[in-house]
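The values are calculated or read from the model by the stated rules, or taken from the named source; none is laboratory data. Not measured: the values here are computed from a predicted model. Please note: Cβ atoms are built from the backbone with ideal geometry, for glycine as well, and neighbour counts cover all protein chains shown. In case anyone asks, the SASA skips ligands and DNA or RNA and just uses the protein heavy atoms, side chains included. Shrake-Rupley method; radii C 1.70, N 1.55, O 1.52, S 1.80 Å.
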Amino acid sequence: MPLNERDRIEILMMIGVGDRMRTQQEVCRLFHEMHPDREPVSQSTVSRIERKYRELGHVRDAPRQGRPKINENVQQDVILSALENPHCTVRQVSRDLNIGKSSVSNIFKKVKYHPYRVRLIHELAEDDFDRRTEFCEYMMDHNNQNNGFIANILFSDEATFFLNGHVNRQNTRYWSQENPHWMQEYHTQHPQKVNVWAGVIP
């Protein structure tokens with residue numbers, strides 16, 4: 001546990017003045033006797049406290065300095081990294097430029113760069129559009145003939161986990177100030193994948 005200002009003043013009082021001064025070893029032993037539940041102080045700690053008091057006249061903590069500001073050259077390097085490779089990650093830029101990940105994130109936020117996700121869309125064949133129209137007409141006709149028709153429909157959804165290194169939209173980003181509407185078509189049928197299916201009946 002680090003020493004606070006009160007602890008350092010107490011150590012100064014233990015050191016004493018004039019002919020009643022204690023040695024550093026005696027101060028360490030006395031401090032431990034008065035605070036047996038705390039970590040013992042070292043002689044070097046006592047020496048630093050005494051030297052600081054003689055030089056500065058107090059044992060207060062020095063005022064904390066704020067985080068160093070990132071210069072404009074570093075900011076430009078971060079922005080250029082995103083322009084040259086919009087799919088770069090914060091970790092990658094941080095490693096390449098040897099700056100903290102939080103600094104990279106703050107720069108992106110400052111210039112209003114957002115990590116857009118890829119939007120996966122189904123690859124459509126030529127006759128898919130006609131099939132959609134036919135399906136809508138079919139559903140409308142049956143709903144008009146039977147008001148409870150919708151209640152008998154099982155609404156389902158599925159998630160596909162590809163085993164061949166296919167794009168994972170959770171780990172893929174596109175850094176840009178505006179939404180690039182990044183899309184990628186993919187085949188719905190592929191031998192190397194696992195489907196997770198769920199259904200809900202209203």
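Some observations on this one:
- When residues of region 1-48 are limited to those that are in contact with a Cys (Cβ under 9 Å, 6 or more places away or on another chain) and in a loop (DSSP other than H, G, I, E, B), the one farthest from residue 62 (Cα to Cα): 40
- Flag if residue 111 is surrounded by 14 or more Cβ atoms within 10 Å (Cβ to Cβ) and at pLDDT 85 or above: no
- Where a residue in region 1-17 is without any contact (Cβ under 8 Å) to a residue 24 or more places away in the chain and over 10 Å from residue 41 (Cα atoms) and its partner, wherever it lies, is open to solvent by 40 Å² or more (accessible area, probe 1.4 Å) and part of a helix (DSSP H, G or I), with Cβ under 7 Å and at least six apart: 14/30
- Residue 202 being at pLDDT below 80 and more than 29 Å from the chain's Cα centre (by Cα): yes
- Complete set of residues in region 114-160 that are surrounded by 11 or more Cβ atoms within 10 Å (Cβ to Cβ), in contact (Cβ under 8 Å) with a residue 12 or more places away in the chain and over 30 Å from residue 86 (Cβ atoms): 150, 153
- Set 74, 59: member being closer than 30 Å to residue 107 by Cα, surrounded by 14 or more Cβ atoms within 10 Å (Cβ to Cβ) and either out of contact with any Ser or Thr (no Cβ under 6 Å at 6 or more places or on another chain) or among the aromatic types (Phe, Trp, Tyr) (or both): 74
- Residue under evaluation residue 169, criteria (1) modelled with pLDDT of 85 or more; (2) in contact with a Leu (Cβ under 7 Å, 6 or more places away or on another chain), criterion not met: (1)
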